[in-house]
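Dumping the structure here so I can ask a few things about it.
The values are calculated or read from the model by the stated rules, or taken from the named source; none is laboratory data. Quantities reported herein were computed from a predicted structural model and do not represent experimental measurements. Note that we place each Cβ from the backbone using ideal geometry, even for glycine, and neighbour counts take in every protein chain shown. Side chains included, ligands, DNA and RNA excluded: accessible areas come from the protein's heavy atoms. Shrake-Rupley method; radii C 1.70, N 1.55, O 1.52, S 1.80 Å.
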Amino acid sequence: VQLQASGGGLVQAGGSLRLSCAASARIWYAMGWFRQAPGKEREFVAVLSWRGDKKRIVDSVKDRFSISRDNVQKTTVYLQMNSLKPEDTAVYYCAVRNRNYNDLPTARLEYDYWGQGTLVTVSS
């Protein structure tokens, strides 16, 4: 499975961005977003099940970020980011889990394929 992340850029604090992750496969089990700020570990942000009926967003952003999927092709997942803050600055990565799971995957090791990342910079 190949993943293409896009939508990053430079935005002022309080602004919005929508990231997209396009998968080459139409069927996958879960797609997640992670981010890695300079000098920090890559951290989980959000995950969506293939059916779109289960999702999880990390507490620190869940009142500002949302995750969704295109319901036609079912190959693209979006991360809508509102009220952006300078601390949201990071490279955002999408990843796919191509195996079944019991609970929505939130750890890096639970994912099988990764996109190349897209840089989000939030200026103050």
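Per residue, what accessible area does the chain have, given a 1.4 Å probe and all protein chains present, in Å²? Kindly include the intermediate steps, with their values, before the conclusion.
Working: 6590 Å² over 124 residues.
Computed with neighbouring chains in place, this is 53 Å² per residue.
Where does region 17-61 land on Rg/Rh, using Cα atoms and the Kirkwood Rh? Walk me through the numbers on the way to the answer.
On the way: Rg = 12.0 Å, Rh = 12.0 Å.
We get a ratio of 1.00 for region 17-61.
Using mean Cβ contacts within 10 Å as the protection proxy, how do 42-52, 101-111 order, highest first?
42-52, 101-111
Still on this structure: Could you give the radius of gyration (one decimal) and Dmax (whole number) of the Cα atoms in the chain, in Å?
My reading of the Cα-based Rg and Dmax gives 13.4, 41 Å.
Over the chain, how many pairs of lysines fall under 18 Å by alpha carbon, counting only those 8 or more apart in sequence or from different chains? Don't skip to the answer; put the middle values down first.
Values: LYS40/LYS85; LYS54/LYS62; LYS54/LYS74; LYS55/LYS74; LYS62/LYS85.
Count of close lysine pairs: 5.
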